[in-house]
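The values are calculated or read from the model by the stated rules, or taken from the named source; none is laboratory data. Remember, it's a predicted structure, so these values are computed and weren't measured experimentally. Methodologically, a virtual Cβ is constructed for each residue, glycine included, from the backbone with ideal geometry; neighbour enumeration extends over all protein chains shown.
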């Protein structure tokens, strides 16, 4: 789960990271009492907010009202804007990039720092790799003093203000089970460092350790309904299911990422177009299947449903029961192709059979059928 | 540095370990206001306090005064007793042993637990090794939950009270740079655990991280003057020097533990008797040498001083200068044998030569000379 | 021969009294695996399919000399189970749970390295050396002793390819699921080297995915260290770009995370590229 | 041949601009050691005896491909210096400082294990393979290329024995100080195995001390794994019993910490027992 900027900054501030003075507003009425000039920042979860006009510098309350009313009314990057962060303007001598994430190869937190920050940082980093440095935490001892000194030297930053800041970012990364803690830009003003923007991506798998936080975050969330993405290419994750809305008419449901992607490639190679991609977690069962099927059936664009299952830990009788559950009471029923094999496959076929359903064993055959059915339906 | 019981218990209490209610007294006047029955416990650093009569159960203030006046007047185990801890009597259903120390082979903290505690625990542990269990901390993740559960099961203790206690002991061990945190006995009363006695041995090498604590501890210390042990067999450590008082008449000073022990063995094999053993730290120099020589020269029992030096990191010219310093202004001067070789040996010989001193190169020769001189002096 | 396990592997099952653990223990035993112990805290003394159950891994290791562990426990318990096995002297541990937090996975992998233990997972079906030892959950119908080594990030993808192998009359030397990631102890490169050194293995099927950069490192190993044929199937060619993690994702991995860039790198390394399981079989027939 | 180092060892000196670091660098260079870099924070750009100085180990490693480090820094800085070397990809690190806190030593050794790095020390003179590589502070006069492997917990004791060897015309294959303890990465047993495997080494001198139980483990290795002659000198026979650390010391180690119990165990393992350096030389003459 990605936090809004104002949420991320609140966490950083609580852990000693300097942030600009700011006020969160959701209506125009609060703007009169604030100090200007100021930055008006739309609270959306997408990247590219700055380029899209979501960050506006305003000189007075009138300008602030104009900017705010536009953002609140029109939204940004296809998302509704319900909150604005109005912040003091920080004069930055330099803007830098600083992030903490996990390095997959070494399995430790890595600090990534760039001596330039801002919206173009990726492009700049790939062109001038010299300006980006990485420091890996030690698996036993964490962020080493020598690493902090190295970063301060590489970024030409005063050690006294940089050291606590980077240590605090690592603390937040670990304490909140984050996938990413990113400050971009990090502003240097005199000898002080201030986090002008902040991004925190939480590890959804660790929500069990942060129940209060995740519940609270979900409550302030104004995004699209859980478990369903209507925006093409947008990923939504609900417990046990990953769902992506694509631009086709075949709804594909699989019981694992690998087999799902393989089926997707094979459908595409065969000339078909997947419009709804749902992947059950590896250990998913009846409930997740029923839920995934519900998403597919409710989507009027889907002409065919292709269920691609191959069970290891997942038992096919469990999943088959989920299919039966999902079809029960469904209003309209597009053509359904089920490919099912693996653990408890015989029991699974029995469950389908009792509900008047059948399955095929071969994936190539299933893909072929689904594509043909979709083409027939389209004509 | 070993803490007194009352100091160790204060630290444990601050870290959530239950201890008996108690009052520290240094005169008899405070005893009247306390609650009885109670335990009167002499605050000394030696083991074997209980057997020596340093822990007395008293029924009322009169008994307390008798016990206290005896201990304060006579001392215990050759140590002056200046403080007594008067504690409530805890009814223990069972007494256990629990300690945290460092395992040299694995380089991690190890928890050692015995299902019986008390003064005879070593003997009992060696006879019935089954009753003692060890749980090692993980080098990355520390004390594991499974380890705590295992200990609780092995000791038949309620997990709810045992888990925080053992975790707190490990915290204290690490936080205070301890060499040992020992609770013996640990009392189980109903479902509660109480540390009836506590021993904390600090790592003197880590004093730089705990300046306030070590300064404070040194201030309340009433032991023999720093740097000198008068008790035979007693070890004293001052910065850079380890000194042991033995039962002979040769004062041996060496610049490393290994060469010191070798020289000691060789002196003994040759029929000599070492009475004062000082070892400079491996990187010691002028000042430590001067200090060690001072200890030897001030001891009237020493008939010969044997200085055994072989320099690696230590430069012989530094140490030679320390010898010259130490001899300067010495009142009486017993015969002196210096064996010196190794790093900067030529410069060292030059320094000695300028002070009218000489050295030999061979250790066997030096040992032989010292033993003969001591025998001559004794006749 | 096989990789990582052998007939001498003495398997301990964590979570043996759970529904999945009990079922998969039966399957592993039927496959001929030497399952010597099970562990479920609080269930010590029970017996599951003839296998004694202990409260703690260290008790089980002391009694049975188990040297490999597979855990069938939920994600919230995966860290504790893996660390317990690692601390008890188990040499090789399989963590099947999916959705294990990254922080827990870091702990597991770092503790494993500090203790000299090898780990597959989290989110792995484990591994199987058909006919020798099964320390995993691969469907039995898709297994047959043979000469093809299979390494996969995705369990289901390896089942799919193994199904096609068996249906084509081909068998496997070992099938290894390294885990769904994003962190690994043993990765594709490690397995490629193990298969290269394994006399039973004559060809290797490398199953990759969009995301991460592991296949680029594998390509380097194929180019520089291997002479056995490698058939590579990388899925996700037609997947939309996933959500990037801030700027850091782009800075860390650049454009190398796409399936196409991986396929290009593997092709350049000398691997044979398959678009689907049927093409994997075709390539294997071509090289044998 | 030698153990742990070779002519290919590229040495980095931490604390090279300090008095001791500068002096010992000159001695190591004179011995023929390939010293490629020095590190002192804040002194980057300086040159010491022709060796370039860097602010950070990782800068030095990138520039010079240093693969071994020796630190001449005070005890308070030992942890930081060792961890920096370990994190920068150094393969072998020597920590000379004495009086390093136990907690810091735990951190150093565990970080080393987690990162696959070998460590000598703290409180060690390092090691020297006479004529090949000197990564230590052993006095030059007591070194001569030869066939005797020396392993010692105490630096000074190894100098003493090496002095007698050289005066008797005998030379060393490698002289290794494992450190004064009480914690070690490489211990006596590790070095015995390395010497057993080293073709240059024909006999081993094991120098032990009262305290700890390491010599008992070494005796086991001598009995079970070695056929080269081992001469053992354990000092502290006449030392009084040291202060015990509470009951834990007795429970952990029992009566095995005395020099006599160690000598008995080593004798029973087949080692030749020497009472002093002259007897070490006598035994070596007897076995060669």
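Remarks
- The C-beta contact set for the range A:253-266 (first residue in contact (Cβ under 8 Å) with a residue 12 or more places away in the chain and facing another protein chain (nearest Cβ under 7 Å), second residue surrounded by 24 or more Cβ atoms within 10 Å (Cβ to Cβ) and in a helix (DSSP H, G or I), distance under 6 angstrom, 6+ apart or interchain) comprises A:256/C:156; A:259/C:156; A:259/C:157; A:259/C:160; A:262/C:157; A:266/A:367.
- Residues being surrounded by 21 or more Cβ atoms within 10 Å (Cβ to Cβ) and part of a loop (DSSP other than H, G, I, E, B) - total across the range B:55-80: 0
- Answer residue from the range A:28-52, given it is part of a loop (DSSP other than H, G, I, E, B) and touching a helix residue (DSSP H, G or I) at 6+ places or on another chain (Cβ under 8 Å) and is modelled with the lowest pLDDT among those: A:47
- Every pair of residues 6+ apart whose Cβ atoms lie under 7 Å, when the first sits in the range C:107-131 and is farther than 18 Å from residue D:107 by Cα while the second is at pLDDT below 95 and assigned to a helix (DSSP H, G or I): C:124/C:155; C:125/C:155
- Count of the range B:100-115 residues which are farther than 24 Å from residue C:111 by Cβ and either without any contact (Cβ under 8 Å) to a residue 12 or more places away in the chain or at the interface with chain D (Cβ under 7 Å from one of its Cβ atoms) (or both): 0
- All of (1) modelled with pLDDT of 95 or more; (2) in contact with a strand residue (DSSP E or B) (Cβ under 7 Å, 6 or more places away or on another chain); (3) more than 14 Å from chain C (Cβ to nearest Cβ) hold for residue A:195 with one exception: (3).
- When A:275, A:285 are checked against the criterion of being within 14 Å of chain C (Cβ to nearest Cβ), surrounded by fewer than 24 Cβ atoms within 10 Å (Cβ to Cβ) and under 22 Å from the mean Cα position of the chain (by Cα), a single residue qualifies: A:275.
- Scanning the range A:313-341 for residues that are under 13 Å from residue A:254 (Cα atoms) and in contact with a strand residue (DSSP E or B) (Cβ under 8 Å, 6 or more places away or on another chain) turns up A:314, A:316, A:319, A:320, A:323, A:337, A:338, A:339, A:340, A:341.
- For the range C:143-153, a residue qualifies if it is within 12 Å of chain A (Cβ to nearest Cβ) and surrounded by fewer than 24 Cβ atoms within 10 Å (Cβ to Cβ), and exactly one does: C:143.
- Scanning the range B:121-131 for residues that are at pLDDT 65 or above and either facing chain D (nearest Cβ under 9 Å) or more than 18 Å from residue B:162 (Cα to Cα) (or both) yields a total of 1.
- Condition check for residue A:312: touching a helix residue (DSSP H, G or I) at 6+ places or on another chain (Cβ under 6 Å) and facing another protein chain (nearest Cβ under 10 Å): yes
- Residue in the range D:46-53 that is modelled with pLDDT of 95 or more, part of a strand (DSSP E or B) and touching a helix residue (DSSP H, G or I) at 6+ places or on another chain (Cβ under 6 Å) present: yes
- Residue list for the range C:105-124, filter: assigned to a loop (DSSP other than H, G, I, E, B), over 27 Å from residue A:255 (Cα atoms) and within 17 Å of the chain's Cα centre (by Cα): C:117
- Scanning the range D:154-174 for residues that are crowded, with 24+ Cβ neighbours inside 10 Å and farther than 17 Å from residue D:276 by Cβ gives D:155, D:172, D:173, D:174.
- Taken as a whole, the condition of being crowded, with 16+ Cβ neighbours inside 10 Å and at pLDDT 95 or above does not apply to residue A:14.
- Taken over the range A:353-370, the residue count meeting the criterion of being more than 12 Å from residue A:250 (Cα to Cα), surrounded by fewer than 20 Cβ atoms within 10 Å (Cβ to Cβ), in contact (Cβ under 8 Å) with a residue 24 or more places away in the chain and touching a strand residue (DSSP E or B) at 6+ places or on another chain (Cβ under 7 Å) is 1.
Conditions (1) assigned to a loop (DSSP other than H, G, I, E, B); (2) within 12 Å of chain A (Cβ to nearest Cβ), marked per residue:
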site: C:141; (1), (2): no, yes
site: C:163; (1), (2): no, yes
site: C:169; (1), (2): yes, no
site: C:175; (1), (2): no, yes
site: C:192; (1), (2): no, no
site: C:195; (1), (2): no, no
site: C:200; (1), (2): yes, no
site: C:207; (1), (2): no, yes
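- Some residue of the range C:228-238 being over 21 Å from the mean Cα position of the chain (by Cα) and at pLDDT below 95: yes
- A count restricted to the range A:143-163 and to residues that are crowded, with 17+ Cβ neighbours inside 10 Å and either in contact (Cβ under 8 Å) with a residue 60 or more places away in the chain or at positive phi (or both) stands at 1.
- Scanning the range D:114-131 for residues that are within 11 Å of residue D:184 (Cα to Cα), surrounded by fewer than 24 Cβ atoms within 10 Å (Cβ to Cβ) and either at the interface with chain B (Cβ under 10 Å from one of its Cβ atoms) or touching a helix residue (DSSP H, G or I) at 6+ places or on another chain (Cβ under 6 Å) (or both) yields nothing.
- Selection from the range B:156-185 of residues that are in a helix (DSSP H, G or I), closer than 17 Å to residue B:1 by Cα and in contact with a helix residue (DSSP H, G or I) (Cβ under 7 Å, 6 or more places away or on another chain): B:172, B:174
- Scanning the range B:302-320 for residues that are surrounded by fewer than 24 Cβ atoms within 10 Å (Cβ to Cβ) and closer than 24 Å to residue D:123 by Cβ turns up B:315, B:317, B:318.
- Test: residue in the range B:295-308 that is part of a strand (DSSP E or B) and more than 20 Å from residue B:366 (Cβ to Cβ): no
- Taking the range C:28-42 as the range and being within 14 Å of chain B (Cβ to nearest Cβ) and surrounded by fewer than 16 Cβ atoms within 10 Å (Cβ to Cβ) as the test, only C:42 passes.
- Tallying residues that are under 19 Å from residue B:106 (Cα atoms), in a helix (DSSP H, G or I) and within 17 Å of the chain's Cα centre (by Cα) within the range D:55-104 yields 1.
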